[in-house]
1. Using beta carbons and a limit of 7 Å, which pairs, at least six apart or on different chains, have the first residue in segment 190-205 and more than 16 Å from GLY33 (Cβ to Cβ) and the second one at pLDDT 90 or above and surrounded by 13 or more Cβ atoms within 10 Å (Cβ to Cβ)?
2. Somewhere in segment 22-39, is a residue part of a loop (DSSP other than H, G, I, E, B), of a type in the set (Asp, Glu) and either in contact with a Lys or Arg (Cβ under 7 Å, 6 or more places away or on another chain) or buried (at least 23 other Cβ atoms within 10 Å of the Cβ) (or both)?
3. Considering each of SER56, SER61, SER98, SER49 in turn, give the residue that is touching a residue at least 12 places away in the same chain (Cβ under 8 Å) and farther than 22 Å from LEU123 by Cβ.
4. Condition first: surrounded by fewer than 21 Cβ atoms within 10 Å (Cβ to Cβ), touching a His at 6+ places or on another chain (Cβ under 7 Å), at pLDDT 90 or above and closer than 23 Å to ARG48 by Cα. Can you find one or more residues in segment 132-142 that meet it?
5. Considering only residues that are closer than 17 Å to ALA161 by Cβ and surrounded by fewer than 22 Cβ atoms within 10 Å (Cβ to Cβ), which ones fall in segment 5-15?
6. Given the condition modelled with pLDDT of 80 or more, surrounded by 16 or more Cβ atoms within 10 Å (Cβ to Cβ) and among the aliphatic types (A, V, I, L, M), answer yes or no: does some residue in segment 181-201 qualify?
7. Tell me whether segment 13-20 contains one or more residues that are closer than 18 Å to PHE88 by Cα and assigned to a strand (DSSP E or B).
8. Of the residues ARG133, ARG122, which is in contact with a Gly (Cβ under 8 Å, 6 or more places away or on another chain) and in contact (Cβ under 8 Å) with a residue 24 or more places away in the chain?
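The values are calculated or read from the model by the stated rules, or taken from the named source; none is laboratory data. The structure displayed is predicted, hence computed values, not measured ones. Glycine gets a Cβ as well: all are built from the backbone with ideal geometry, and neighbour counts include every protein chain shown.
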Amino acid sequence: MSFRTKKPSQTGQIAKILAEMVIRGGDVICLHGTVGAGKSLFARAFIRSALNEGLSLSVTSPTYLIQNTYEKDDESDTMKGVQKVHHFDLYRLPDEKSVMQLIDLEDTFSNTSVSVFEWPDRLGSLIEKAENRVDVFISASAEINSSEDDFENKFGAVHEAHLLALDYESEEIDNDDDDDEEEEEGDSNDDNHNPKTIRTIELKPVGASITERLEESLFSKKT
């Protein structure tokens, strides 16, 4: 299933619905896309929504740290068995072996955690440890004349402050902090300033349980 968004806040709305209506502890989110496509933007909205924190939770890119972990202070208030969310940016890791040396696989794929991976191709065969995952493919274009926007008809207007804030945050979101690729990083910053950017977000579930949950969610609602 795929959707088109015209604003960062709408992209964040997709992430929010995924976090609140589909995801359970033990699930994995794999974010695919080029530098500047919208992976970090999507991750920020997803993490805040999964832990029900909103703007009170500072979510930054783990480009140099490789991993950031966010935990819910009140475990009784966790959503759907999610006690923590791991956010990985594997851009600087060359292969599966290097991933194994740096991350705690048991905690990463535990049934009380959700893991979000940017550049998940670096995982290699390790991705098979995730029984239920969603591959999220994000692409961005500077298309000006798009087809009729039915986003609000399907998902409603965006109201949450932490999602609306995505429309105004720019430099820190979604440059993927790739200082080695100056041209691409520049494109990324321009992308967030450009109100005409169209994103296409495609969700592909892997695993029987998460496929069923996705099919029963708002994502399958007919407009």
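1. Cβ pairs passing all conditions: PRO205/VAL134; PRO205/THR211; PRO205/LEU214.
2. The answer is yes; a qualifying residue exists.
3. None of the others qualify; the one that does is SER49.
4. yes
5. LYS7
6. The initial filter retains those residues of segment 181-201 that are modelled with pLDDT of 80 or more, namely 197-201.
Imposing the further condition that a residue be surrounded by 16 or more Cβ atoms within 10 Å (Cβ to Cβ) reduces the set to 197-201.
Filter once more, so that each one left must be among the aliphatic types (A, V, I, L, M): 198, 201.
Checked segment 181-201: at least one residue is modelled with pLDDT of 80 or more, surrounded by 16 or more Cβ atoms within 10 Å (Cβ to Cβ) and among the aliphatic types (A, V, I, L, M).
7. For segment 13-20, residues closer than 18 Å to PHE88 by Cα and assigned to a strand (DSSP E or B): absent.
8. After applying the criteria, what remains is ARG133.
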